[in-house]
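Written below as structure tokens is the structure these notes are about.
The values are calculated or read from the model by the stated rules, or taken from the named source; none is laboratory data. Computed from a prediction, not measured in an experiment: that's the story for all the values here. Note: ideal-geometry Cβ built from the backbone for every residue, glycine included; neighbour counts use all protein chains shown.
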């Protein structure tokens, strides 16, 4: 709410200053109010990454009362000699995508509802595996509050281990003895534009933290072996395929998820 109020005060202050530009007192007061409001607005938005200003302002104004679908995940870039390891999508099986998944919240559903008016998203059926996923629907006016909470790193999953294990180690694609422990470096927070999703019939924001695996020599050797194995459960995409969103050198029955682009950006 305060983001919207300060934005209105900035615009109103500038407008009144222009309309009363011959009155030095009015100009001084309105410019002062606009400057103070702009400072407060900049301070509040600074907690988010630069690219989130647009979605935050749109959700707090134009879509203030509208439902917004939000998905906040982590992705792990796994480069192997110039190509990137992707896994087959579990929900959308016609695409390959980066290893990763939706973060878990450690807040209960009643607490998520109380704090953000957020309810579990209904696009995919909620089961034991997807319980407490940060895949939600909430009023646009609460999107800023949710993103600010996520950036605080409190009461939520932090390290991208769970989905790495579920997608690569548990099914036996990679060996548990070799990948029981691994390290990553953090690349930043990315998001797709806030846009209308026809399936959910509301605005949608897809957000992800991007990490990169830092393999040991043994882990890199295992990844090279996997690359050369011809497994149909994984796909190693080069930069051109990632940019294009699919394989162009031969017929393929799958696409690459749009978020795959974040592995090389």
Considering only region 245-252, I want to know if a residue exists there that is under 28 Å from residue 165 (Cβ atoms) and touching a residue at least 12 places away in the same chain (Cβ under 8 Å).
yes
Residues located in region 93-103, provided they are surrounded by fewer than 15 Cβ atoms within 10 Å (Cβ to Cβ) and either outside any loop (DSSP other than H, G, I, E, B) or touching a strand residue (DSSP E or B) at 6+ places or on another chain (Cβ under 9 Å) (or both):
94
How do the pairs read when you match residues in region 45-68 that are under 18 Å from residue 118 (Cα atoms) and not assigned by TED's automatic domain parsing to the domain that holds residue 204 with residues anywhere that are at pLDDT below 85 and surrounded by fewer than 14 Cβ atoms within 10 Å (Cβ to Cβ), using Cβ under 7 Å and keeping only pairs 6 or more apart or on different chains?
none
When residue 171 is evaluated against the numbered criteria (1) assigned to a strand (DSSP E or B); (2) over 17 Å from the mean Cα position of the chain (by Cα), which criterion, by number, is the only one it fails?
(1)
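For every residue, the table says whether it meets (1) assigned to a helix (DSSP H, G or I); (2) buried (at least 20 other Cβ atoms within 10 Å of the Cβ); (3) at positive phi; (4) in contact (Cβ under 8 Å) with a residue 24 or more places away in the chain.
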site: 114; (1), (2), (3), (4): yes, no, no, no
site: 123; (1), (2), (3), (4): no, no, no, yes
site: 129; (1), (2), (3), (4): no, no, no, no
site: 137; (1), (2), (3), (4): no, no, no, yes
site: 143; (1), (2), (3), (4): yes, yes, no, yes
site: 146; (1), (2), (3), (4): yes, yes, no, yes
site: 151; (1), (2), (3), (4): yes, no, no, yes
Does region 179-189 contain at least one residue that is touching a residue at least 60 places away in the same chain (Cβ under 8 Å), over 17 Å from residue 135 (Cβ atoms) and assigned to a helix (DSSP H, G or I)?
no
For residue 211: the one exception among (1) surrounded by 13 or more Cβ atoms within 10 Å (Cβ to Cβ); (2) within 25 Å of residue 57 (Cα to Cα)
(2)
How about region 235-254: which of its residues are in contact with a strand residue (DSSP E or B) (Cβ under 6 Å, 6 or more places away or on another chain) and at pLDDT 85 or above?
235, 236, 237, 238
